[in-house]
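The values are calculated or read from the model by the stated rules, or taken from the named source; none is laboratory data. For clarity, every value in this text was computed on a predicted model and none was experimentally measured. Neighbour counts run over all protein chains shown; Cβ positions are idealised from the backbone, glycine included.
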Amino acid sequence: MIFWYSGCGNSRFVAEAIAKGISDEMTFIPECDADNYEIGEGESIGFVFPVYAWGAPKLVEDFVKRVKWQGKAAYVWFACTCGDEMGHTHRDFKAVLAQKGLELEGTFCFQMPETYLAMPGFHLDTPEGAECKIFAAKAKLPQVTEQILAHAKVVDEIVGPFAGLKSGLIRKGFNANMSDRKYRAGEGCIGCGTCENVCPLGNVRLVDGRPQWQGHCTQCMACYHHCPTNAIQIGSYTAGKGQYYFRDEYKTT
Ligand SMILES: Cc1cc2nc3c(=O)[nH]c(=O)nc-3n(C[C@H](O)[C@H](O)[C@H](O)COP(=O)(O)O)c2cc1C
């Protein structure tokens, strides 16, 4: 089974490609309310998610911690997507899995187009840069699929500089301050409801034709990136920064 989460589609693309390659099923973490998971005989358990603040998204970690994992997995792996670097995601997620009796053996990292823009200094990739990352990820997928099928012991990670600080203090601050108070729909909002439809957590509700955020946001930025009129802004740092989400046509181009 592959447990996955994605805000803007990068990790969904990777999860679907791996699922196809290894002929496995997928479960979308935000929609899985099971408290027990019985691991089948010879079953592999995989997780696919974007890196948020140099770690696994809190909702992914919380999911692993909540579920009672029964039985022994034949192989435990995860694949993360990140704009640049994953800090100590491997070390930290391995520890979360270990607490639950899941022994991580395969770690895979895909650089994909950047989605985080809500702070100064964070920008989208250029269209060429985004295209290069998607091209490289597609080229890497067959090898990763083979390694998962072979239950290979792999640590493929892009740690990056100052990882201790980023995956430590900064990540802690990010997880403690995940709020949607700064999300706004401006004049350009046409009340189409795209934001409501794309939010992976059902955190956006259209009230009198305007989006209202319900207070359990993960900062995935799907509402911002998918808005057809670019009317959604997050504080004062997203204006003019452009939009990106993984479109179906990228699979074939
Ligand atoms: C809240 C947030 C935090 C992020 N933190 C990181 C990070 O620490 N390192 C990094 O390289 N990319 C970071 N990114 C970029 C995403 O990991 C990357 O774009 C990912 O592929 C998005 O996946 P998705 O489309 O499945 O949501 C972050 C993106 C968001 C929205």
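For segment 116-130, indicate whether the set of residues that are modelled with pLDDT of 95 or more, touching a strand residue (DSSP E or B) at 6+ places or on another chain (Cβ under 7 Å) and outside any strand (DSSP E or B) is non-empty.
no
State whether one or more residues within segment 97-106 are in a helix (DSSP H, G or I), at negative phi, over 15 Å from the mean Cα position of the chain (by Cα) and buried (at least 18 other Cβ atoms within 10 Å of the Cβ).
Yes: segment 97-106 contains one or more residues that are in a helix (DSSP H, G or I), at negative phi, over 15 Å from the mean Cα position of the chain (by Cα) and buried (at least 18 other Cβ atoms within 10 Å of the Cβ).
Can you run down the residue pairs with Cβ atoms below 9 Å, 6 or more apart or on separate chains, where the first is in segment 21-42 and at positive phi and the partner is loosely packed, with under 15 Cβ neighbours inside 10 Å and outside any strand (DSSP E or B)?
G42/A74
Looking only at residues in segment 1-41 that are in a strand (DSSP E or B) and more than 9 Å from the ligand (Cβ to nearest atom), which one is farthest from K72 (Cα to Cα)?
Per the criteria, the residue is F28.
Do you know which residues across segment 232-247 are on the phi < 0 side of the Ramachandran plot and modelled with pLDDT of 95 or more?
Matches in segment 232-247: I232, Q233, I234, T238, K241, Q243, Y244, Y245, F246, R247.
Residue by residue, here is whether (1) in contact (Cβ under 8 Å) with a residue 12 or more places away in the chain; (2) touching a helix residue (DSSP H, G or I) at 6+ places or on another chain (Cβ under 9 Å); (3) not assigned by TED's automatic domain parsing to the domain that holds T238 holds:
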site	(1), (2), (3)
V144	yes, yes, yes
Q147	yes, no, yes
H151	yes, no, yes
D156	yes, yes, yes
V159	yes, yes, yes
I190	yes, no, no
G193	yes, no, no
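Does segment 60-84 hold any residues that are within 16 Å of the ligand (Cβ to nearest atom) and assigned to a loop (DSSP other than H, G, I, E, B), and which are they?
Selection gives G83, D84.
Pairs needed: first member in segment 77-100, outside the structural domain of Y116 (by TED's automatic domain parsing); second member anywhere, more than 13 Å from the ligand (Cβ to nearest atom) and at pLDDT below 95; C-beta distance under 7 Å; at least 6 residues apart or different chains.
none
Run down G168, G87 and say which single residue is within 9 Å of the ligand (Cβ to nearest atom), out of contact with any strand residue (DSSP E or B) (no Cβ under 7 Å at 6 or more places or on another chain) and of a type in the set (G, A, S).
Answer to the check: G87.
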